[in-house]
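Colleague: Have a look at the structure that comes next, please.
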Amino acid sequence: MNSNNLYWSVFQNLEKEIINLSNQIHFDDTQIEIYSIKISELLIRTVVEVESISKELYIINGGLKPDNNELFFDTDCLNLLETKWLLSRKKIQVTSPNFYFSLEENQVLTPLKKANKRGSSSSDWLRAYQAIKHNRAKNLEKGNIKHLIRALAGLYILNLYYRDVSFKLEKDASGTNFDTNIGSEIFSVSVHSNQTLSAEKDYEKNSDFDECIYLIKPTDNSRTFVQNSLLTVNQKTQERFKANVEKEVEKRLRQQQDSEDIDINDKIEKIIKKIQSENLIQVARENGQILQKAFDGLRYEAVLNRQQY
């Protein structure tokens, strides 16, 4: 993160101005299309910030400047960031106590959906911005609360990706104590948490993974320790299974000679599965202290969702 982050300072100032505005206009579902010159001005300033920060994020993340140096913040910059991070799916909740929205469409936003498009295919707040910028008097009604909040939510997401801050959570695997506002007085983020850990996968994803801006995950060091312990147990289980499977299958088949008439292949398959399960339980018991120590040592962190899994 850039220690001299002017983008974040500007975002916070815009938030304060909008909160002050909500002390003068009651922000609720019935008034979301209220418009004014002041709201139009705030919308323009917000989207100018979107343009600037998206261009910087584009360069930081490997984007190339075109030969003619004509770089478009939407179809060039936001489009590249969309391919990397699926920004169009990321959700933001409006949680300011000054805002009184009850409709879900005004409480839960995906502000960067279609933001990498242009013209009639673009997001509503970007179309409003372009219309006001080119003819403010004719399009003043588009400078409304709805478009302003969605534009600011988009700027908030871009600021989070620009800052790229991670948070140590120690043993808080569910993120109970994680502040999902992350510095905002208006918004909070969706957070993904999955406590399942296996030897084969570094991270298990739930169905809402793409919507979440932050992930709660084990730290790399503590996760690796657990995975290595699980691999050790799995390896010992396989070794024990291979060492006695043939004799054990024969023994159990003889014991089941008088059992119900079941296909021999089905019998063998069921016996093998049972032996594998028994071996796993036995090895786990024998290595219980190792596994307990590994899982007790798990520590968690909240990190930005860069579609890294």
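The values are calculated or read from the model by the stated rules, or taken from the named source; none is laboratory data. Only a predicted model underlies this, so the values are computations on that prediction, with no experimental measurement involved. Positions of Cβ are backbone-derived with ideal geometry, glycine not excepted, and every protein chain shown enters the neighbour counts.
Colleague: Which of the strands (runs of 3 or more DSSP E) contained wholly in the stretch 90-209 include at least 2 residues that are not assigned by TED's automatic domain parsing to the domain that holds Gly62?
Modeller: 167-170, 187-189, 191-193
Colleague: Which of (1) surrounded by fewer than 20 Cβ atoms within 10 Å (Cβ to Cβ); (2) more than 15 Å from the chain's Cα centre (by Cα) is the odd one out, the single condition Asp164 does not satisfy?
Modeller: Among (1) surrounded by fewer than 20 Cβ atoms within 10 Å (Cβ to Cβ); (2) more than 15 Å from the chain's Cα centre (by Cα), Asp164 violates only (2).
Colleague: Sticking with this one: Report yes if some residue within the stretch 283-298 is surrounded by 11 or more Cβ atoms within 10 Å (Cβ to Cβ) and in contact with a Pro (Cβ under 7 Å, 6 or more places away or on another chain); otherwise report no.
Modeller: Among the residues of the stretch 283-298, at least one is surrounded by 11 or more Cβ atoms within 10 Å (Cβ to Cβ) and in contact with a Pro (Cβ under 7 Å, 6 or more places away or on another chain), which makes the answer yes.
Colleague: Quick one: what pairs do we get from the stretch 31-55, first residue over 23 Å from Phe99 (Cα atoms), second among the hydroxyl-bearing types (Ser, Thr, Tyr) and surrounded by fewer than 21 Cβ atoms within 10 Å (Cβ to Cβ), C-beta under 6 Å, 6+ apart or different chains?
Modeller: From the stretch 31-55, the pairs are Ile53/Tyr7; Ile53/Tyr162.
Colleague: Within the stretch 46-63, take every residue that is among the aliphatic types (A, V, I, L, M) and surrounded by fewer than 21 Cβ atoms within 10 Å (Cβ to Cβ) and give me the one that is farthest from Asp164 (Cα to Cα).
Modeller: Val48
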